[in-house]
Amino acid sequence: MIANKALRTPLRAHIAAAALLALAAANPASAEVKYADQGAHWAPADRDDFYSLDQGARIMPLNWFKALRHSDGKHFLEDGLTRYGYLPNPNSPTPGLPVGFLAASEEGAQFFSMTCSACHTRQIDVNGVSWRIDGGPALSDFQSLLADIDTAFQKILADEAAFDEFAKEALGGDPNERALRKLRKEVEVWFQPYDVLMRKSLPKPGWGVARADAVSMIFNRVAGLDIGTTSSRIIEQNIALADAPVRYPFLWNAPIQDMTQWPGFARNGDDILGLARNVGEVYGVFGIYRPTPLTLALPQLVKFNSSRLPKLINFLNDSSLNYPGLMRLENLIQQIGPPKWPWSLDPKLVAQGEEVFNRDPKQGGCATGCHEVAKGTPRLCNLNTWRTPLQDVGTDVREYNVLGREADTGVLNGAAIPFVPGIDTPLKPKDKIISILGLSVIGSILEAPLHFGVDVFKPIVEECIPESRQARTETAASLITAKFSADLQNLYKKPSAQPAAVFEARVMRGIWAAAPYLHNGSVPTLADLLKKPADRPASFKVGPAYDIENVGLAREQGAFNSTYDADDCSKRDSGNSRCGHDFGTSLSDPEKKALLEYLKSL
C-alpha cells in the first residue's frame with residue numbers, strides 16, 4: 001500500500017480499544033518465559049528468523065512509525081505494541097519491534113513491515129509462567145492497531161501542530177519548509193488508500209482479540225486498492241465490510257495439508273502451492289502490487305488478431321514480493337513441530353481417550369473421516385500430503401459466503417494466462433474476486449523467473465525440478481514456468497451457485513494450544529466444545545490466561561482481554577455462532593475426561 005515504492009495509504013470511526021490495556025500489566029516483566037518443545041528441528045536461530053524475516057510487506061516508512069503517537073501522546077512503539085497483544089522480541093534486529101514486525105530495507109530506505117509470525121505466535125500464562133508457542137494462533141488485536149494508525153494520521157494531517165511534531169521526529173532536527181511540504185505530500189499520498197481501506201473494511205464491533213477477517217482484507221486490498229484504472233488505482237466500490245472474522249490457524253503441519261484456508265478453497269501441500277498461499281497473504285498485509293497492462297508493439301505480432309488474445313499483464317511492476325524470504329519462511333514453517341504438552345499426563349487416561357478419539361464420529365469419536373492422519377492428494381513436490389476433509393458440520397457460514405463476492409476487474413479486465421486451468425478464461429468487466437486473486441497470485445509467481453532470472457526459485461527448483469539443472473539457460477525459465485503452471489492450475493475452488501458451507505477438518509496435533517475453538521473462535525475450551533451447543537458459553541473473555549483442566553482459555557483473564565459474545569443457533573451466518581460440531585457431546589463425563597487427556601497428548 002505504498003506509493004512510489006516509498007509510500008502508499010483510513011478510518012474516520014476509530015475502533016476504541018478500551019478493553020485493551022497494556023499486556024505488560026497482564027504479563028509482567030518478572031514472569032518467567034519458557035518455550036514449548038516443538039521438536040528437534042526447531043532451533044533458536046530458526047525462531048529468530050521466523051520472528052523477523054522479510055516477506056515483502058511494506059506498511060509505511062519506518063521513521064514515520066517511530067514518530068507516530070497515540071492520542072495520549074505516547075509513541076506507538078513505547079510499549080512495543082504490547083497494548084495490542086504483540087509479543088516482545090528481545091533478539092529483534094531492530095530493538096523495540098515485537099515478534100512479527102521488522103525493518104525491511106529496500107533501495108536505501110527502511111520500511112515498517114510485518115511477517116507471518118505476527119499472527120502466528122502464541123503465548124499462554126499458567127501459574128506465573130508464560131509459555132511461548134511458535135506457529136500458534138496469536139492473541140492479538142490487529143484491527144485496533146490498524147484503526148489506531150488511521151486515527152493518528154488523521155490528526156497529523158488535520159492538526160498543524162501535530163504535523164510539525166511528527167515531521168521533526170520523522171525527518172530529524174528542524175526541517176525546512178520544502179522538506180515539510182514534501183513530507184506532507186508523501187503522507188497524503190500514502191494515507192488516501194489506507195484510509196479508504198480502513199474506513200470501508202473495519203466493522204463495529206471489531207474483530208477482537210485472536211481473530212481477523214483475513215480473506216476479506218486480502219480481497220479488499222487486491223480488488224479495492226491495486227487494480228483501478230485511475231492514477232490512484234482505487235476502486236472504492238470493490239471494498240466491502242470485513243465482518244467475517246475467524247481465529248488465526250496454527251501453522252505446524254500446515255504445509256502438508258492438501259487444502260487450506262478455513263473454507264478449504266485453496267489447493268496446498270507442497271512448496272509451490274505454499275508459495276501461492278504466502279503470496280496472497282503478503283498482498284493482504286501491505287505488499288506492493290501494481291499490475292500493469294503490457295502493450296504489444298513488435299512487428300511480428302501484428303499478424304495476430306489481438307482481439308482473440310487475453311490481455312497481457314506485468315504482474316510484478318514495482319512489486320515488493322520478497323521471494324527468497326517467502327521460501328525461507330515456508331521452510332521454517334515446515335520445521336515447526338506441534339508443541340508438546342508441558343505438564344504431566346495420566347498414561348492410563350490417555351490410552352482410554354485414544355480409544356474414544358478413534359471411534360466413529362457417530363459414536364462420539366474424532367478421527368475417522370475427520371481428524372485422522374490420512375493420505376491426501378499428491379502434489380508435484382510432495383507425494384505424501386495429508387488429506388484435509390471439507391465438511392459442513394453446522395458451524396457458522398459467514399466466512400464461506402465471502403467467497404462468492406464479485407468486483408470490477410479494472411486493469412485486469414480481459415486478462416488471463418493461457419493453458420493454466422482456473423485462470424485461462426479472460427476476466428469479465430465484473431467477475432469473482434476469488435478469480436481476480438487467483439490471476440494475481442499465479443501471474444506474480446509465473447512471471448518471477450522471467451523477471452528476476454531462473455535462480456529466483458532455486459530452492460524449490462532443486463527439490464522439485466531436478467532436470468532444470470541441466471537445462472540450457474534460455475530454456476530453464478520456460479521449463480520452470482511449465483512445471484509451476486501444472487502445479488498451480490485450479491489453485492482456488494470457486495463456490496457454486498448454491499455452495500455447501502464446508503470448512504476444513506485439520507489433523508489435531510497440538511490442538512491444546514489453539515484455543516478458542518471452531519473456525520470462528522466461538523468456543524473457549526475443548527471441554528466446552530464437548531457440550532451441547534446451547535450449553536456452551538454465550539460470553540467469555542479472550543486472553544493469555546490458560547486453563548489446564550478444561551484445555552483452553554481460563555474463565556478469568558488479566559488486564560489484557562477482550563470479551564467474545566457468541567450467538568445462538570438462530571444466527572448461523574452472523575460470524576459469531578457457537579453452534580455446530582456437536583460430535584462427542586453425548587459422551588459420558590468419564591469419556592470426555594479421557595478424550596481431553598488424549599487431546600493434550602497430541
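The values are calculated or read from the model by the stated rules, or taken from the named source; none is laboratory data. Bear in mind the structure is a predicted one, so any value in this text is a computation, not a measurement. Counting neighbours? That spans all protein chains shown, and the Cβs are built from the backbone with ideal geometry, glycine included. Note: accessible area is taken over every heavy atom of the protein model, side chains too, but ligands, DNA and RNA are not part of it. Shrake-Rupley method; radii C 1.70, N 1.55, O 1.52, S 1.80 Å.
When the solvent-accessible surface of protein heavy atoms is calculated with a 1.4 angstrom probe, in what order do 160, 186 fall, highest first?
160, 186
Over 23 Å between Cα atoms: which of 34/340; 200/430; 348/532; 311/458 fall into that group?
Flagged as over cut-off: 348/532; 311/458.
Out of these labelled values of percent of Cα pairs over 42 Å apart, (i) 18; (ii) 21; (iii) 68, which was calculated from the coordinates shown here?
Read-out from the structure maps to (ii).
Rounded to the nearest 0.05, what FRET efficiency do residue 109 and residue 295 give with R0 = 25 Å and r taken as the Cβ-Cβ distance? Could you check?
0.25
Quick one: grab the alpha carbon gyration tensor of the stretch 163-241, order the square roots of its eigenvalues as a ≥ b ≥ c, and give me rounded if a/c is under 1.5, else prolate or oblate depending on whether a/b is larger than b/c.
Details: a/c = 3.62, a/b = 1.71, b/c = 2.12.
It is oblate, given that a/c is not under 1.5 and a/b is not larger than b/c.
Under Stokes-Einstein, with the Kirkwood radius over Cα pairs standing in for Rh, what whole-number D in µm²/s applies to the stretch 355-446 at 10 °C and 1.306 mPa s?
96 µm²/s
For each cysteine in the chain, check whether another cysteine's C-beta sits under 4.7 Å from its C-beta; list those where none does.
So far as the 4.7 Å Cβ criterion goes, 116, 119, 366, 370 stand without a partner in the chain.
Where a ≥ b ≥ c are the square roots of the eigenvalues of the C-alpha gyration tensor, would you call the stretch 376-512 rounded, which needs a/c under 1.5, or, failing that, prolate if a/b is larger than b/c, or oblate?
In terms of gyration-tensor shape, oblate.
At 7 Å along the Cα-to-beta-carbon direction for both residue 419 and residue 532, put a label point, then send me their distance in nm to one decimal.
Calculated label separation equals 6.1 nm.
Calculate, in nm to one decimal, what residue 129 and residue 340 gain on full extension: separation in residues at 0.36 nm each, minus their alpha carbon distance.
Contour length minus the Cα-Cα distance gives 74.4 nm.
Taking R0 as 22 Å, what's the FRET efficiency between residue 236 and residue 158 from their Cβ-Cβ distance, rounded to 0.05?
Here the calculated transfer efficiency is 0.55.
What is the local net charge at residue 354, summed over the other residues whose Cβ is closer than 15 Å to its Cβ (Lys, Arg +1; Asp, Glu -1)?
Taking every other residue near residue 354 into account, the sum is 0.
Would you list, by chain and number, the lysines whose Cα falls below 19 Å from the Cα of residue 531, excluding same-chain residues fewer than 8 positions away?
The qualifying lysines are 362, 541, 571, 592, 593, 600.
For the stretch 515-596, just run the numbers: alpha carbon Rg, then divide by 2.2 N^0.38 Å, N being how many residues it has.
On the way: Rg = 12.5 Å, N = 82, 2.2 N^0.38 = 11.7 Å.
Against the compact-globule rule of thumb, the ratio is 1.06.
Between the stretch 374-442 and the stretch 460-492, how many Å separate their Cα centres?
Each part reduced to its Cα centre gives a spacing of 21 Å.
Please give the charge dipole size of the chain, origin at the Cα centre, charges +1 on K and R Cβ atoms and -1 on D and E Cβ atoms. Round to the nearest 20 debye.
Charge dipole of the chain: 1160 debye, to the nearest 20.
Would you mind classifying the stretch 474-569 by shape? Square roots of the alpha carbon gyration tensor eigenvalues, ordered a ≥ b ≥ c; an a/c under 1.5 is rounded, otherwise it is prolate if a/b is larger than b/c and oblate if not.
Here the stretch 474-569 falls in the prolate category.
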